There are 6 protein chains.
Amino acid sequence: MSAPSDRLTRALSLLDSLEPGAPERVQDNLDAFHPDTAELVLGYAFADVLGRDGIDLKTREMMTIAMLAAMGTAQGQLEFHMRAAMNTGVSREEIVEIVLQVSVYAGVPACMNAITAAKKAFEAAGKA
Amino acid sequence: MSAPSDRLTRALSLLDSLEPGAPERVQDNLDAFHPDTAELVLGYAFADVLGRDGIDLKTREMMTIAMLAAMGTAQGQLEFHMRAAMNTGVSREEIVEIVLQVSVYAGVPACMNAITAAKKAFEAAGKA
Amino acid sequence: MSAPSDRLTRALSLLDSLEPGAPERVQDNLDAFHPDTAELVLGYAFADVLGRDGIDLKTREMMTIAMLAAMGTAQGQLEFHMRAAMNTGVSREEIVEIVLQVSVYAGVPACMNAITAAKKAFEAAGKA
Amino acid sequence: MSAPSDRLTRALSLLDSLEPGAPERVQDNLDAFHPDTAELVLGYAFADVLGRDGIDLKTREMMTIAMLAAMGTAQGQLEFHMRAAMNTGVSREEIVEIVLQVSVYAGVPACMNAITAAKKAFEAAGKA
Amino acid sequence: MSAPSDRLTRALSLLDSLEPGAPERVQDNLDAFHPDTAELVLGYAFADVLGRDGIDLKTREMMTIAMLAAMGTAQGQLEFHMRAAMNTGVSREEIVEIVLQVSVYAGVPACMNAITAAKKAFEAAGKA
Amino acid sequence: MSAPSDRLTRALSLLDSLEPGAPERVQDNLDAFHPDTAELVLGYAFADVLGRDGIDLKTREMMTIAMLAAMGTAQGQLEFHMRAAMNTGVSREEIVEIVLQVSVYAGVPACMNAITAAKKAFEAAGKA
C-alpha cells in the first residue's frame, strides 16, 4: 500500500474526531472492497465537504443525524453518527430534540427508528 | 371561527418568526381544506415540537433544510425553509455548506435541487 | 392497431370507473411511448391486481392515495387518484382523514403536498 | 411519574386495541428515551389523528400497512401493524390484497418485504 | 397444485439463470403466502418485463443493482441481485464501478450499504 | 476566475459528451451559487467517478436513468440524462426497456414519470 494522499489523511483525521479508532476500521472495510474506495468516498465526504469551514463539526453532525433519520435507509450509519454527534459535543438533550423534529418532517416511524439508534448511542456512551 | 387555541397561537407566532406574514397565508390555506388542520398540523409541528427548548430556532432550520433537501419530496417547502432559515439568522455561507453536505448523504441530484431552491431564496432576500 | 386483449379491456374498464374518459387519454399517452406499454403496465396494475376481488375499489383507492402521498414522488398521479377516489365513493371527509393520517406516517411535508392535491380534486369535483 | 394526560390515556387506549399489552411496552421504551416522548408522539399519532372519527380503525390500519410497505423504511413497524391490522378485523385475504397492491405502486421489492412481514404476522396469529 | 402457466414457467426459467436453485426456494416462499403470488409477481417481473428483448440480462442486472442500492429499502434483495449479476457475467470490477456510481446519485450511505452487499456476494462467489 | 483545475476540466469534458453545450450552462448555474461548487460536485461526479474505466459511458447512463427514475426525486435531471443517454448511444428501444424495468423495481408511478421524461427526450431528439 502506498502512502495515503494528503486528502485521505485529512479525511481520516476528521473521521477520527467523530469516533476514535474508526479510521482504521473503516479503511480496512473499504480496502477489502476496492483500494480506491477510501480515497474516493472518504476523500469526498470528509476532506472535500465536511472538513470545510463555515459550519462547525458539531452542527454538521446534528444535520447528518437529522438527514439519515429522515431518509430511513441507513440505520447502522445513523447509529454511528449518533455516537459521533456525542463525540463532537452534541448533548443527549439535543439528540432528543433532533429526534422529535424528525417526526415532524419525516413522520413517526422515522422518529421511532431514530429513538432506537439514539438509545444504543446513549448506552454506548454510558459504558465508555 | 372560534378564537384560536393557545397552542395554535404559539404555533402561528413561531411561524411568523420564520416568515413574517406566513401565518395568515398558511392558515387560510389549511382552513380551506378543513378547519381542524391548522390546530392539528401546525400545533404539532410548531407549538409541540419546534417551539421546544433545547435547540435554538436557527439550528432547527438548518436541520429542516438538510432533511427536506435529502428527502427530495417537498421542493416548495424546501424553498420556504431556505427563506425561513435566512430569517432566523442562517447566513448564505451556511446555506452553501448545508447544500454541499446534502450531496454527501443524499447524492448530487438532491444537492442540485437544493441549489435551485437556495438560489430562489437568495434572490428573494436580495429583493427584500 | 390490433384489437385490445381481454386483459387490457378489463384494465381499461376499471380505469374508466376511476375517471370516465381516462382510458382513451391514458392509452394514447402510453401508445405514443411504445405500443406494448398499455398492455403491460395497465394490464398488470388494473387487470391483474386492482381488479381482483377481496377489497372493494373504494378502499383500494383510499390505500392508493395514502401510498402516493406517503411516497411523495408522484404528485400528478396523486391528484388523479384523489379524483378517482371521489369517483369510487370516497367522501371529502374521508380524504381529509387520509391526508391527516399521512402526516403521522410520512411527516408534515407529505401531508401538505397531499392537501394541495386534495384541494385541486375538491375544486374539480365542484365544477363537475 | 405524574398521571398521564387525558390525551395520552386516549392514545394508549387506542394502542391497546391495536395490540393488547402494547401500551406498557411502547411507553416504557419511549420513557427510557425521554419522558416527553410518549405524550408528544403517541398523543399526536393515536389521540389527535388516528382516534378521529370519519374512518374506522380497520380501514386506517389497512392504509397504514400500505404506506409503511410502500415507504420501505420501517420493517419492524410494518410487522407490528400487520398484527394490529388483524386485531382490528383485517382478514388474511385482505392483507394479501394490500400486499399485492403495494407491488403496483411501490414495486416488487417493497411487495416482497411486505410478504415477509405478513408471513410473520400470520404465524404469530396462528400461535395466539 | 395445477401445472404452472407458460408465463410462470418462463419467469422461473429466467430466475434460475439469475441463481441456480432460486426458483424452488422463491416459489415455496410465495406459495406459503398465497398461491396466486408467484404467477402474478414473478410473472410480471421476470416473464413480462425482464424476459423481454432489447437489453441483455447482464445489463439489466447492472441496472437492478443500481436501482436497489439507490433506493436503499431492500438490502436482502440487493444481496441476491449482486450474486445474480455475477451469475449473468457482471465482473467484480463492474460491481465496484456500479457501487461507486451509486454514491454520486444516491449518496455515500447508499454506497456504503451497497459495499456491504457486494462484499457478501464476493465472498459467496469465492466459496462456490 | 482562475483557470479550471485539471479535475474540473476532465469533468466538464465528460459533461460535454453527455450534452454538447451543457458544461457552460451548468457551470454558470453552479458558479452563481458558489464558486467552489463546480469543482467539488462536478469534479466528484464526473471526473472522480463517472470518468473511471471499467464501465463504458453508455452503460453508466443506462444505470443513471434507472436510478433517477426509481428514486423519483429529480425529474428535471432525469430528463437531462434521458437526452444524455441518447447522446452516448442508448437507443429509444433501450430507453423503453429501462423504463419498463423501473416499474418492476420501483412501481408504476415511477415508470409513468419516466415515460413523461422519455417522451420529452424523444421529442427533443426528433427536433435536433
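The values are calculated or read from the model by the stated rules, or taken from the named source; none is laboratory data. What you see is a predicted model; the values in this text were computed from it and never measured. Positions of Cβ are backbone-derived with ideal geometry, glycine not excepted, and every protein chain shown enters the neighbour counts.
Tabulated data for the structure shown
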| read-out | value |
| --- | --- |
| Scope segment F:111-128; condition among the aliphatic types (A, V, I, L, M) and either more than 19 Å from C:Gly76 (Cα to Cα) or more than 7 Å from every other protein chain (Cβ to nearest Cβ) (or both); matching residues | F:Ala114, F:Ala117, F:Ala121, F:Ala124, F:Ala125, F:Ala128 |
| Among the residues listed as C:Thr64, C:Thr59, C:Thr37, the single one being free of Cβ contacts under 8 Å to residues at least 24 places away in the same chain, among the polar types (S, T, N, Q) and over 16 Å from D:Met63 (Cβ atoms) | C:Thr37 |
| Residue list for segment C:82-115, filter: part of a helix (DSSP H, G or I) and without any contact (Cβ under 8 Å) to a residue 24 or more places away in the chain | C:Glu93, C:Val96, C:Glu97, C:Leu100, C:Ser103, C:Val104, C:Val108, C:Met112, C:Ile115 |
| Boolean, C:Glu39 is among the acidic types (Asp, Glu) and over 13 Å from the mean Cα position of the chain (by Cα) | yes |
| Number of positions in segment E:10-21 that are part of a helix (DSSP H, G or I) and either touching a residue at least 12 places away in the same chain (Cβ under 8 Å) or outside the structural domain of E:Phe46 (by TED's automatic domain parsing) (or both) | 7 |
| Some residue of segment E:85-93 being more than 14 Å from chain A (Cβ to nearest Cβ) and within 30 Å of D:Gln101 (Cβ to Cβ) | yes |
| Residue that is more than 7 Å from every other protein chain (Cβ to nearest Cβ), at pLDDT 95 or above and outside any loop (DSSP other than H, G, I, E, B), where the choices are B:Asp31, B:Asp53 | B:Asp31 |
| Among the candidates D:Ala70, D:Ala114, D:Ala110, D:Ala106, residue that is of a type in the set (A, V, I, L, M, F, W, C) and closer than 26 Å to D:Gly21 by Cβ | D:Ala114 |
| Conditions (1) of a type outside the set (Val, Ile, Thr); (2) crowded, with 23+ Cβ neighbours inside 10 Å; (3) farther than 26 Å from B:Ala69 by Cα; number of the one not met by C:Ala118 | (3) |
| Count of residues meeting criterion [surrounded by fewer than 24 Cβ atoms within 10 Å (Cβ to Cβ), within 7 Å of another protein chain (Cβ to nearest Cβ) and assigned to a helix (DSSP H, G or I)] in segment F:63-81 | 1 |
| Scope segment B:41-65; condition touching a helix residue (DSSP H, G or I) at 6+ places or on another chain (Cβ under 9 Å) and of a type in the set (Asp, Glu); matching residues | B:Asp48, B:Asp53, B:Glu61 |
| Condition check for C:Gly43: closer than 30 Å to C:Pro4 by Cα and either at the interface with another protein chain (Cβ under 9 Å from one of its Cβ atoms) or among the acidic types (Asp, Glu) (or both) | yes |
| Test: residue in segment D:62-75 that is over 23 Å from A:Ala74 (Cα atoms) and within 15 Å of the chain's Cα centre (by Cα) | yes |
| Yes/no for F:Gly21 being more than 14 Å from chain C (Cβ to nearest Cβ) and either buried (at least 22 other Cβ atoms within 10 Å of the Cβ) or more than 22 Å from E:Ile95 (Cα to Cα) (or both) | yes |
